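Please read the structure below before turning to the comments.
The numbers here are math on the coordinates, done by the rules we state, and not lab data. Since this is a predicted model, take the numbers as computed values, not measurements. Methodologically, a virtual Cβ is constructed for each residue, glycine included, from the backbone with ideal geometry; neighbour enumeration extends over all protein chains shown.
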Amino acid sequence: MSSPQATEPKGADRGEWARRRTLCAVLLNPALKPLDDTITYRNVCSILPLVGCDRIAVANLINVPTKDAAALNRATIRDSEVEEAQAALAITLERADEVIIAWGVGGMSGPVRLSLQRQARWLFDVLNQVGIERVWTVTAKPRHPSRWRQYVGPEKGRVPGDCFEERLSQILVPTLLDTQEGRVLFDYAF
């Protein structure tokens, strides 16, 4: 079984590691390369100060590494992979101070979509069980971190700002789970 991956931002003081606040990033599935080498990781690191956290723990809805969503759509999801993902998510969420839902905004189909919908409903229940009352999103949608720079790029003109972090801070929003918006985020995932 793969364990949740908590990573310390580069250059962090190890003596303070235990006193830090953790952001759990709930993503879709693992990348084929190490997390630290991905744009996803770098972009999630950029929101740490915005949500009052110092370290990241990443957990995925499905433990099936693929290149992209198209490859995941072609994959077969086994019960063991769902169970591994649930175990890792449960552990990570128990230790989380903040949670960002960032699994992406679409493109899933067939049996994989059904598996992910079940996982999203299961996740909603677990968040309630561990006492997490709100999650973070980008524009109240579970936009994947690998797409954040593109979404807030100055050429798009969606939000003003001099740098990526400034523009992103304007669309990073908390969503209370006990609201209609919170339920919709999970009920209509994928």
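Of all DSSP beta bridges confined to the chain, the antiparallel ones make up roughly 40%. Among the lysines of segment 5-187, pairs that are 8 or more positions apart or on different chains and have alpha carbons within less than 23 Å of each other number 4.
Of PHE190, PHE164, PHE124, the sequence from fewest to most neighbouring Cβ atoms within 10 angstrom is PHE164, PHE124, PHE190.
Listed from fewest to most Cβ neighbours within 10 Å, the set TRP136, TRP103 follows the order TRP136, TRP103.
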